[in-house]
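Single-structure report; data block below.
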Amino acid sequence: MAMKGTFIDNLPKVYGMYTGGFLVFIALMAFAESMGMSAEAIGIWFVTFTVFIYAYIGWMSRTMQVDAYYVAGREVPPVFNGMATGADWMSGASFVAMAGGIYMGGHPYLAFVVGWTGGYVLVAVLMAPYLRKFGCYTVPDFIGTRYGGNLARFLAVLVLIVASFTYVTAQINATGTIAAAVLQIPFELAVWIALGAILLCAMLGGMRAVTWTQVAQYIVLIIAYLVPVFWMSMKQGFGSFPQFEYGAAVAKLAELEVMHQVGVLKPVAAQAGLSALTVKHSVASSDPIAAFRFVTLVACMMMGTASLPHILMRYFTTPSVRDARRSVAWSLLFIFLLYFTAPALATLTKLQVLDPSLATSIIGKSIADVNALDWVVKWSNVGFLKIVDSNGDGILQINEFFMRGDIVVLATPEIAGLPAFISGLVAAGGLAAAMSTADGLLLAIANALSHDLYYKMIDPKADTKKRLIVARVLLIGIGAAGSAVASLRLTGILGSVAWAFDFAMSGLFFPLVLGVWWKRANRAGACAGMAVGLAVGSWYLYMVKWGGMAPWWGIDDLRFGIIGALASLIAMVVVTLMTAPPDAETQAMVDEIRVPKGKSVLDMSH
Amino acid sequence: MSSGDSQKDNHWHRTKGLMILHLSIWFIFSFVVHWFASNLNQITFFGWPLGFYMAAQGSLIVFVVQLFIFVKQQEKVDRECGVAED
């Protein structure tokens, strides 16, 4: 990218051509299908073509400059940074699991939808512009400089690693799962191929390469998510803008749930890893504990959003403080496009399965007929779906149909009878979502280790070349560790994703927010906040999940951040007030962060 | 120097005001509305039970619109207090 300035000026044109090219590629695949290409071959084409493009962008963005490697040269315009953040943010869980979670879980599950969008209000109002003004390379860089001392910096690195590593393992797992399904290779091998593809995007160009591949990945994932929904909706007569029209479908579902006795008929025998539908779609419990569980999950996901370093560091890449703030609004808009579609998708897919007046329905039909459907055969073969005629009447009832929620997004095109190339498109979208998040997370971890631990604490005299080589070696090492853990298949996708948010908020939320908004906050307080928050949060998770302790007030392992963050806040405030205020220089620095005008704080101190 | 400082004080004062305003709106649509989801579900909104609608779409739209308005407002404050970037 020798003509860098030109590249930035031409961004709309470059990505406009890229989007057009991708649409042409989709059309080509549709044509190939009509000429008799197999669904498997189409899937392989989709995945290899898109990964090749990402790798090409990664190669073109290679760099040996520190600024480009850590913060993409601080030249990413707000709209494009918004798209990159969208891809960075929306993981395999958002793309693959969210609609399925709503399908199976109904209203309580929507806490994720609210939490994973509203968190950006906190990011924009409390954090992003101030961290951008600060001018740091990493989140621990802010903590380390604002509070001073290696201990604060080290604790921030520790929280970052605990939160991000649980998260990245899930993303490598998701990337590997999709690669295994499409390329038809063993999962244990697919995980390492996935890592190779992920590293191709990040290794040579750091943040610069990740930024421009993430923009490309956002475009693929949003097209892959929206096209099937619009197509299905038009084909089934649900309207041409289903997101604004599915109210009637929700009302219809409520009637069908009574007819099919959803929630009345329970499964006779449990099926491992699969579940039958027992929750009504739109009913919200009037039990205060249910309301409490909803709002606590929302709070955890929002405060986690505002503490996750791989998200915050995206706002270090804009040219100005103003652009950082604008960029948060764009990020949320791009994320919103997927998140307000997920409940529509869940509703319409469920309607197709339950509504006897639709040709696609299966509940209430003869089990022999249902077992002959292509999509039922396909997903039964891999163990993601199971039909058990527990009352032996030959008719499929709601409590006799078991499946994994994860398959809703992947199976919807097949349920609705869309062409096979749409499934290839969806696989490419899921892969883009998982890869882009994995890239952001790996880079956040490796950068914290190379910049904060190695350069700032171990070898401050290291030259540029050495720093960037160390950064890359760490990237490979952490990626390999993540793949090794992923290949063990320890956790389901969503469990560990929610935990990442809880860990991040337990350790980092208050030290970050109060670092900007409370001038009196000092080093001892911040260290106590991080250490106590992380320790108490981890202890509570352990006790509730494995230690046999009954959750307090329904605060289970998905919500342990509530306990951790509360402990962190108390520890930070109490210890700060018991110790001396920060020196005048630090207080002046906080004043400086609060004003957009002028050079960044770190630039002035150099 | 003193006029610059008072400008900065004024800027921070107004910035805090905006923060409190937007976090109040955020609080209502993140927590209060969903606390009453089962009551709101008694009301039908274009076919949706309102409590479900707010969690699936309503709150999200509020957050998006709110952030674009916040950006405009904060930029105005920065400009008027003379601390905006060039």
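Here are the numbers for the structure shown:
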quantity	calculated
In region A:296-335, the residues that are assigned to a helix (DSSP H, G or I) and either without any contact (Cβ under 8 Å) to a residue 40 or more places away in the chain or in contact with a Lys or Arg (Cβ under 7 Å, 6 or more places away or on another chain) (or both)	A:Thr296, A:Leu297, A:Cys300, A:Tyr315, A:Phe316, A:Val321, A:Ala324
Of all residues in region A:395-409 being in contact with a helix residue (DSSP H, G or I) (Cβ under 6 Å, 6 or more places away or on another chain) and modelled with pLDDT of 85 or more, the one that is surrounded by the fewest Cβ atoms within 10 Å (Cβ to Cβ)	A:Leu396
Subset of region A:196-221 [surrounded by fewer than 24 Cβ atoms within 10 Å (Cβ to Cβ) and either in contact with a Pro (Cβ under 9 Å, 6 or more places away or on another chain) or in a helix (DSSP H, G or I) (or both)]	A:Gly196, A:Ala197, A:Leu199, A:Leu200, A:Ile219
Residue list for region B:10-28, restricted to those being more than 7 Å from every other protein chain (Cβ to nearest Cβ), of a type in the set (A, V, I, L, M, F, W, C) and under 20 Å from B:Met54 (Cα atoms)	B:Ile25, B:Phe27, B:Ile28
Scope region A:272-287; condition loosely packed, with under 12 Cβ neighbours inside 10 Å and either in contact with a Gly (Cβ under 9 Å, 6 or more places away or on another chain) or within 11 Å of chain B (Cβ to nearest Cβ) (or both); matching residues	A:Asp287
Looking only at region A:576-598, and only at residues there that are surrounded by fewer than 18 Cβ atoms within 10 Å (Cβ to Cβ) and hydrophobic (A, V, I, L, M, F, W, C), the one that is farthest from the other protein chains (Cβ to nearest Cβ)	A:Met578
Long-range neighbours under 7 Å by Cβ, at least six apart or interchain, first residue at pLDDT below 85 within region A:451-465, second part of a helix (DSSP H, G or I) and polar (S, T, N, Q)	A:Met457/A:Asn150
Filter pass, A:Trp116 being of a type in the set (Phe, Trp, Tyr) and out of contact with any Gly (no Cβ under 8 Å at 6 or more places or on another chain)	yes
Answer residue from region B:28-48, given it is surrounded by fewer than 20 Cβ atoms within 10 Å (Cβ to Cβ) and among the hydroxyl-bearing types (Ser, Thr, Tyr) and is farthest from A:Tyr109 (Cα to Cα) among those	B:Thr44
The listed residue being more than 16 Å from A:Leu508 (Cα to Cα), within 11 Å of chain B (Cβ to nearest Cβ) and not hydroxyl-bearing (Ser, Thr, Tyr), out of A:Val71, A:Val66, A:Val76, A:Val113	A:Val113
Odd one out for B:Leu50, checked against (1) facing another protein chain (nearest Cβ under 8 Å); (2) in contact with a Ser or Thr (Cβ under 8 Å, 6 or more places away or on another chain); (3) more than 29 Å from A:Arg325 (Cβ to Cβ)	(1)
Conditions (1) of a type in the set (A, V, I, L, M, F, W, C); (2) out of contact with any Pro (no Cβ under 9 Å at 6 or more places or on another chain); (3) at the interface with another protein chain (Cβ under 7 Å from one of its Cβ atoms); number of the one not met by B:Ala56	(2)
Check on A:Ala124, of a type outside the set (Ser, Thr, Tyr), in a helix (DSSP H, G or I), in contact with a helix residue (DSSP H, G or I) (Cβ under 9 Å, 6 or more places away or on another chain) and within 14 Å of another protein chain (Cβ to nearest Cβ)	yes
Sole residue being at pLDDT 95 or above and closer than 26 Å to A:Ala324 by Cβ, chosen from A:Met589, A:Met505, A:Met604	A:Met505
Region A:336-382, subset within 14 Å of chain B (Cβ to nearest Cβ) and outside any helix (DSSP H, G or I), residue farthest from A:Val409 (Cα to Cα)	A:Phe340
B:Val83 vs. criteria touching a residue at least 60 places away in the same chain (Cβ under 8 Å) and either within 30 Å of A:Gly598 (Cα to Cα) or of a type in the set (Val, Ile, Thr) (or both)	yes
Extreme residue, farthest from A:Pro551 (Cα to Cα), among residues of region A:290-318 that are within 12 Å of chain B (Cβ to nearest Cβ) and β-branched (Val, Ile, Thr)	A:Thr318
Residue within region A:256-271 that is touching a residue at least 12 places away in the same chain (Cβ under 8 Å), part of a loop (DSSP other than H, G, I, E, B) and either within 14 Å of chain B (Cβ to nearest Cβ) or among the aliphatic types (A, V, I, L, M) (or both) present	yes
Residue in region A:463-486 that is nearest to A:Gly58 (Cα to Cα), counting only those that are assigned to a helix (DSSP H, G or I) and among the charged types (D, E, K, R)	A:Arg472
Count of residues meeting criterion [outside any helix (DSSP H, G or I), of a type in the set (Gly, Ala, Ser) and modelled with pLDDT of 90 or more] in region A:72-111	1
Enumeration of residues in region B:28-55 that are touching a helix residue (DSSP H, G or I) at 6+ places or on another chain (Cβ under 6 Å) and closer than 17 Å to A:Tyr339 by Cβ	B:Phe29, B:Ser30, B:Val33, B:His34, B:Trp48, B:Phe52, B:Met54, B:Ala55
Residue, farthest from the other protein chains (Cβ to nearest Cβ), within region A:134-146, restricted to residues that are surrounded by fewer than 24 Cβ atoms within 10 Å (Cβ to Cβ) and in a helix (DSSP H, G or I)	A:Thr145
Search result, residues across region A:230-255 that are away from every other protein chain (no Cβ under 14 Å) and in a helix (DSSP H, G or I)	A:Phe230, A:Trp231, A:Met232, A:Ser233, A:Met234, A:Lys235, A:Gln236
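Here is a yes/no grid of residues against (1) farther than 25 Å from A:Leu199 by Cα; (2) in contact with an Asp or Glu (Cβ under 8 Å, 6 or more places away or on another chain); (3) buried (at least 24 other Cβ atoms within 10 Å of the Cβ); (4) free of Cβ contacts under 8 Å to residues at least 40 places away in the same chain:
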site: A:Glu40; (1), (2), (3), (4): yes, no, no, no
site: A:Gly43; (1), (2), (3), (4): no, no, yes, no
site: A:Phe52; (1), (2), (3), (4): no, no, no, yes
site: A:Ser91; (1), (2), (3), (4): no, no, yes, no
site: A:Phe95; (1), (2), (3), (4): no, no, yes, no
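The values are calculated or read from the model by the stated rules, or taken from the named source; none is laboratory data. The structure displayed is predicted, hence computed values, not measured ones. Methodologically, a virtual Cβ is constructed for each residue, glycine included, from the backbone with ideal geometry; neighbour enumeration extends over all protein chains shown.
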